[in-house]
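Engineer: Attaching a single structure in structure tokens format; questions to follow.
Laboratory data are not the source of any read-out in this text; all were calculated from the coordinates shown. From a predicted model like this one, the values you see are computed outputs, not experimental measurements. Cβ placement follows ideal geometry from the backbone for every residue including glycine, while neighbour counts extend to all protein chains displayed.
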Amino acid sequence: MMRWRIDLAYDGTDFRGWALQPGHRTVQGVLEGHIAQVLRLAERPALVVAGRTDAGVHAAAQVCHVDLDGDEDIAATLLRRLTRVLPDDVVVRRVSPAPAGFEARFSALWRRYCYRLVDTDHSPDPLQRHRVAPVRHPVDVELFNEAAGLLRGLRDFAAFCKPRERATTIRDLREVSATRTSDGVVEVHLLADAFCHSMVRSVVGALTAVAGRRRSMEWLADASASTTRHNEILVMPARGLTLEEVGYPADDELAVRAEQARAVRTLEDR
């Protein structure tokens, strides 16, 4: 068996997220099914992904891995055949032999997302309607960035996450900032070691509420200190969110990073 790294992109509009769900169209299901088809496998291979995206969320640079029998020639064959059969909303950009110790999820150092929104001061572009979310009030980008300073760093993001059994909500949010493009779209860039379920859209929702003067800085400070999911924090629509990049260490550090990431994180890791 050899491990293969697969780099791909997809439009999440018509997918029920990444992960397999019986009776629903998912990115994992489509990709595993087509890999089995083009390689004539008796069973579907199991893909491991860098970051599971929710229903409607897009990816410009997703990474996953799969273990398959075969030599290095399989990479070109798999890429060529997948290009022919995959639907238009999924593209595999590269298939390559994974370095020793590579694990798509646990070897990753960070994930970078971009959330795109348009407020009432600007007209939305109908050609971007599947990747930009509307907001029904003006957004002050400077105020957004001021509020973002309250959330950066290593902390418990339980207030922004949907709880999962035995899963930690401690994350290191290294970057979160907003800019307005020339066509009026507000782009929110976020980078963290990892993101828990619904965290990105909830962080953007809370900061947008402050930037729209619907909530105060004091409210944000109090809400973010909650040790459970805060019911006043808005989860933004999925279509505005895109996974932009996944970062990995040097090849000789992959295995060590994977071991570190599997450990349950605490605030003592500061």
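Engineer: I need the semi-axes of the equivalent ellipsoid of the chain: take the C-alpha gyration tensor, multiply each eigenvalue by 5, square-root it, list largest first in whole angstrom.
Structural biologist: Details: eigenvalues 233, 101, 46 Å².
Gyration-tensor ellipsoid for the chain: 34, 23, 15 Å.
Engineer: Divide, for segment 157-261, the radius of gyration over alpha carbons by 2.2 N^0.38 Å, where N is the residue count. Write out the running numbers ahead of the final one.
Structural biologist: On the way: Rg = 15.5 Å, N = 105, 2.2 N^0.38 = 12.9 Å.
Here the answer is 1.20, to two decimals.
Engineer: Next question, about the same structure. Please list, ordered by chain and number, the residues whose modelled amide H lies under 5 Å from the amide H of Gly51; skip anything fewer than 5 residues away on the same chain.
Structural biologist: Residues meeting the amide H criterion: Val63.
Engineer: Could you tell me the relative contact order of the chain? Use alpha-carbon pairs under 8 Å, at least six residues apart, and round to a whole percent. Before the final figure, lay out the partial values.
Structural biologist: Working: 572 pairs, mean separation 64.9, N = 270.
Normalised by residue count, the contact order of the chain is 24 percent.
Engineer: Hey, another quick one. Say the dipole of segment 1-62 comes from +1 at the beta carbon of Lys and Arg and -1 at that of Asp and Glu; which of Gly23, Pro45, Gly12 then lies farthest toward its positive end?
Structural biologist: Pro45
Engineer: Moving on to the next point. Go ahead and run the numbers for FRET between Ala221 and Arg80, Cβ-Cβ distance against an R0 of 35 Å, rounding to 0.05.
Structural biologist: On the way: r = 54 Å, r/R0 = 1.53.
Plugging the Cβ-Cβ distance into 1/(1 + (r/R0)^6) gives 0.05.
Engineer: Now for a separate question. If R₀ is 45 angstrom, what is the calculated FRET efficiency for the pair Arg180 and Asp73, using the beta carbon separation as r and rounding to 0.05?
Structural biologist: On the way: r = 48 Å, r/R0 = 1.07.
After rounding, the FRET efficiency stands at 0.40.
Engineer: Looking at the chain only, what percent of DSSP beta bridges run antiparallel? Nearest 5 please. Provide the component values of the computation, followed by the final result.
Structural biologist: Details: 41 of 45 bridges.
Of the beta bridges lying entirely in the chain, close to 90 percent run antiparallel.
Engineer: Hey, another quick one. With a cut-off of at most 12 other beta carbons within 10 Å, and DSSP calling the residue loop, which GluC sites (Glu not before Pro) in segment 19-126 qualify? Please list them. Before the final figure, lay out the partial values.
Structural biologist: Details: sites: Glu32, Glu43, Glu72, Glu103; in loops: Glu43, Glu72, Glu103.
Passing sites in segment 19-126 are Glu43, Glu72.
Engineer: For segment 192-270 and segment 80-131, compute the distance between their C-alpha centroids and round to whole Å.
Structural biologist: Here the answer is 19 Å between Cα centres.
Engineer: Charges at C-beta only: +1 for Lys and Arg, -1 for Asp and Glu. How large is the resulting dipole of the chain about its Cα centre, in Debye rounded to 20?
Structural biologist: Numbers: 37 positive and 38 negative charges, 135 e Å.
I would put it at about 660 debye.
Engineer: Now a separate question. Give me the extension gain from Gln128 to Glu165: residue separation times 0.36 nm, minus the current Cα-Cα distance, reported in nm with one decimal.
Structural biologist: Details: separation 37, 0.36 × 37 = 13.32 nm, distance 3.63 nm.
Stretched out fully, the Gln128 to Glu165 stretch lengthens by 9.7 nm.
Engineer: Amide H neighbours of Ser177 under 5 Å, counting only residues 5+ apart in sequence or on other chains, H built in-plane at 1.01 Å?
Structural biologist: It is His189, by chain and number.
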